[in-house]
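Encoded as structure tokens, the structure appears first; notes follow it.
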Amino acid sequence: MVQELVIAIVAVLCVGALYAASAARVVKQYERGVVLRLGRLRNDVRGPGFTMVLPGVERLRKVNMQIVTMPVPAQDGITRDNVTVRVDAVIYFKVVDAASAVVEVEDYRFAVSQMAQTSLRSIIGKSDLDDLLSNREKLNQGLELMIDSPAVGWGVQIDRVEIKDVSLPETMKRSMARQAEADRERRARVINADAELQASKKLAEAAKEMSTQPAALQLRLLQTVVAVAAEKNSTLVLPFPVELLRFLERAQQPQQHIAQQQPQQHIAPQPPQQQPQQQQLPEAVPPEPRESAQQASPVQSAPSPSMRRPSHLPQRKGPSGSTAAPAAADADTDERSGAEPFAHH
């Protein structure tokens, strides 16, 4: 009898221990417990620590209250300025109402992920490429508001949304690289021009100061020579005054002018010089008959009336009995000899 009683007590204790083990729950510090009794939500949310539920009657669901970091898959879209981009982001959220996260939505993680993807695609279509690359803070705030609006009813709070990467086509990357290179070259030219302007002003002031003291320019020249000679090189550069070059150029101009005039004097025509030694006497030409002479030069064949011999006068004969030339021939001979023609009476 006593043994049966002991066995019954031990059995009751074992059953109680098994019941307590099945009813005992431990809720961690970063979790909250939502109790459903016969499928109905209990108003009290179990805090961290040890708690008990009725096995078979109540069911405890633990909800993580930590901040969840969830990557948003990359989304392809076309920006407002018609550029195809691929954008991915990351979202940070946490559960602030455990009961709503269990009751209002089937899987709050999946719901937040889908809402983040649709919101990201919407932001891409409403933004320009420059905003996606340089004005991400504004886009992040807009994306956070778009996701946080429906998530409030799920007991979820969106802490932060960040656009992580923007992938561009290769052609767009090359175009942007050329644009950046041109902009940097422009800024480099502006900086060089500004430096030249400042240097010219300083050089002008230095020249003004040196003009009052000519010896200062010579000292500066010697300092330059010393600076060049300090380095062990075999070449010594000496500045040459420009005024000396101008003086030599002015001195060379008259010589060039004279050299240009000399060929013109040689080209000018000169009167031919008589060279009696080299001059050849013309060959003796036999006298032509009078008839041919008269035909060639009608002026000589027609003597003036005053020089004609009268026809009634007798003709003179030569020693050989030949008839002499007409009076015109005598007149010509007299003219050549310098004597006056004589008249026959």
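The values are calculated or read from the model by the stated rules, or taken from the named source; none is laboratory data. The shown structure was predicted, so the numbers you read here are calculated from the model rather than taken from an experiment. When we count neighbours, we look across all protein chains shown, and the Cβ atoms used for this are built from the backbone with ideal geometry, even at glycine. Each accessible area value is taken on the protein alone, full model and side chains, heavy atoms only, with ligands, DNA and RNA left out. Shrake-Rupley method; radii C 1.70, N 1.55, O 1.52, S 1.80 Å.
Among (1) among the hydrophobic types (A, V, I, L, M, F, W, C); (2) in a strand (DSSP E or B); (3) open to solvent by 20 Å² or more (accessible area, probe 1.4 Å); (4) in contact with a helix residue (DSSP H, G or I) (Cβ under 6 Å, 6 or more places away or on another chain), which single condition is MET146 missing?
Condition not satisfied by MET146: (2).
Please give the strands (runs of 3 or more DSSP E) falling wholly within the stretch 1-110 in which 1 or more residues are open to solvent by less than 30 Å² (accessible area, probe 1.4 Å).
Correct list: 24-27, 31-37, 49-52, 58-64, 68-78, 84-95.
Among the residues of the stretch 216-228, how many are open to solvent by less than 60 Å² (accessible area, probe 1.4 Å) and not β-branched (Val, Ile, Thr)?
2
Among the candidates LYS201, LYS164, single out the residue that is assigned to a helix (DSSP H, G or I) and either surrounded by fewer than 13 Cβ atoms within 10 Å (Cβ to Cβ) or of a type in the set (D, E, K, R) (or both).
LYS201
Among the residues of the stretch 111-135 satisfying the criterion of being among the small types (Gly, Ala, Ser) and in contact (Cβ under 8 Å) with a residue 12 or more places away in the chain, which is surrounded by the most Cβ atoms within 10 Å (Cβ to Cβ)?
It comes out as ALA116.
Of (1) within 40 Å of the chain's Cα centre (by Cα); (2) modelled with pLDDT of 85 or more, GLU231 satisfies all except one. Which?
(2)
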